[in-house]
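Here is the structure we will look at.
The values are calculated or read from the model by the stated rules, or taken from the named source; none is laboratory data. Predicted, not measured: the structure shown is a model, and the values here were computed from it. Cβ coordinates were reconstructed from backbone atoms using ideal geometry, including for glycine residues, and neighbour counts include every protein chain displayed. What goes into the accessible areas is simple: the full protein's heavy atoms, side chains included, and nothing from ligands, DNA or RNA. Shrake-Rupley method; radii C 1.70, N 1.55, O 1.52, S 1.80 Å.
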Amino acid sequence: MTSRILIVDDEAPIRRFLRVALETEGYIVSEAATAHEAVAVAAREAPAAMILDMGLPDADGITVIEKLREWSHLPVLVLSVRSDDAGKIAALDAGAQDYVTKPFSTGELLARLRGLLRDYTREAAPATLTLGPLQIDIADHRAILEGENLNLTRKEFDLLWLLASHAGRLVTHDMILKAIWGPAHTEDSQYLRVYIRHLRSKLGDDAANPRWIFTEPGIGYRLADG
């Protein structure tokens with residue numbers, strides 16, 4: 001199966017260069033230019049690995065790694081102009097698996113990526129999830145309940161996928177808001193309440209007597225595991 005690699009860099013020429021290099025090697029490529037996009041795309045597309053620049057416009061790369069590690073074991077290869085030991089140690093301590101400095105050799109970067117994909121055992125996110133009568137397909141961005149398409153918006157689907165990826169476990173407000181709306185929206189719980197209400201409506205769920213989405217007041221939500 002071809003691996004999907006997520007490139008996170010705010011410089012479009014670097015992203016284009018890496019895309020060409022990776023696609024030439026047979027990888028599928030996704031891109032993000034900000035920390036917010038990086039976390040959202042990682043949650044939505046479940047890449048095999050992330051190549052991460054440390055200097056992003058809305059947050060430091062360390063923040064991206066820390067947010068990922070709240071819910072994912074996604075391997076991270078840092079690609080940065082920062083060559084000081086302190087920066088490397090901080091990235092590795094936060095949860096990155098490897099660190100390459102710019103300017104870099106394409107051959108070395110690809111070799112390190114191959115090694116990371118070969119040697120690192122990750123908690124792979126499946127392309128589809130089945131929870132009893134609910135089926136969720138990440139590739140088609142489609143959710144089907146008892147044979148009926150739920151016709152979810154992109155944000156509704158992203159929210160459902162995030163909850164389903166942790167089915168049976170509590171997902172905090174903070175984690176959901178950061179993954180779906182970005183670090184700048186961690187206080188915007190009204191967004192979350194509105195989308196949970198929409199999602200419940202499309203699932204035919206009753207907040208007072210839930211079948212699918214359970215609320216932990218003041219903490220977060222839990223999706224039934226089937």
inquiry  = Rolling a 1.4 angstrom probe over the protein chains, ignoring ligands and nucleic acids, what is the accessible area of LYS67 in square angstrom, nearest 10?
reply    = 40 Å²
request  = Please work out the average accessible area per residue across the range 4-151, using the 1.4 Å probe convention, and give it in Å².
outcome  = 46 Å²
ask   = With the chain treated as a Gaussian network of Cα nodes joined by springs under 10 Å, which of LEU79, LEU117, LEU199 yields the largest mean-square fluctuation?
value = LEU117
query = DSSP beta bridges in the range 37-137, what fraction antiparallel, as a percent rounded to 5?
reply = 40 percent
query = Among the DSSP beta bridges whose two residues both lie in the chain, what percent are antiparallel, rounded to the nearest 5?
reply = 55 percent
query = Got a sec? Charge dipole of the range 87-218, +1 on Cβ for Lys and Arg, -1 for Asp and Glu; which of ASN151, GLN190, GLN97 is way out at the positive end?
reply = GLN97
task = Considering only protein heavy atoms, with the full assembly of protein chains and a 1.4 angstrom probe, order GLU156, GLU45 by accessible area, largest first.
result = GLU45, GLU156
query = Given +1 on the Cβ of Lys and Arg, -1 on the Cβ of Asp and Glu, and no further charges, what dipole in debye does the chain carry about its Cα centre, rounded to the nearest 20?
reply = 320 debye
inquiry  = Taking θ = phi - 60°, what integer Hz values does the Karplus form 6.51 cos²θ - 1.76 cosθ + 1.60 yield along the range 141-149, in sequence order, with x for Gly and Pro?
reply    = 6, 9, 10, 10, 10, 6, x, 10, 5
query = By accessible area of protein heavy atoms, probe 1.4 Å, what ranking do ASP10, ASP140 get, highest first?
reply = ASP140, ASP10
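Counting other Cβ atoms within 10 Å of each Cβ, which trypsin sites (Lys or Arg not before Pro) in the range 145-226 have at most 16 and sit in a DSSP loop?
ARG169, ARG211
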ask   = Taking the Cα centre of the range 10-65 as the origin and placing charges on Cβ (Lys, Arg +1; Asp, Glu -1), which of ALA46, PRO57, THR34 is farthest toward the positive end of the dipole?
value = ALA46
task = Excluding residues fewer than 8 places away in the same chain, name every one of the lysines whose C-alpha is closer than 19 Å to that of LYS202.
result = LYS155
Nearby aspartates and glutamates by direct alpha-carbon distance to LYS88 (threshold 15 angstrom, same-chain neighbours under 8 apart not counted) = ASP53, ASP60, GLU66, ASP98
remark   = Ranking GLY168, LEU109, THR24 by how far each Cα lies towards the positive end of the charge dipole of the chain (+1 on Lys and Arg Cβ, -1 on Asp and Glu Cβ), the top one is GLY168
request  = Jot down the per residue volume, in cubic angstrom and as a whole number, of the convex hull over the alpha-carbon atoms of the range 1-77.
outcome  = 74 Å³
query = Tell me, what % of the accessible area of the range 128-226 is carbon and sulfur with a 1.4 angstrom probe?
reply = 45 percent
note = Listed by chain and number, the residues whose amide H is under 5 Å from that of LYS102, excluding neighbours fewer than 5 places away on the same chain and using placed H, are SER80, VAL81, ARG82
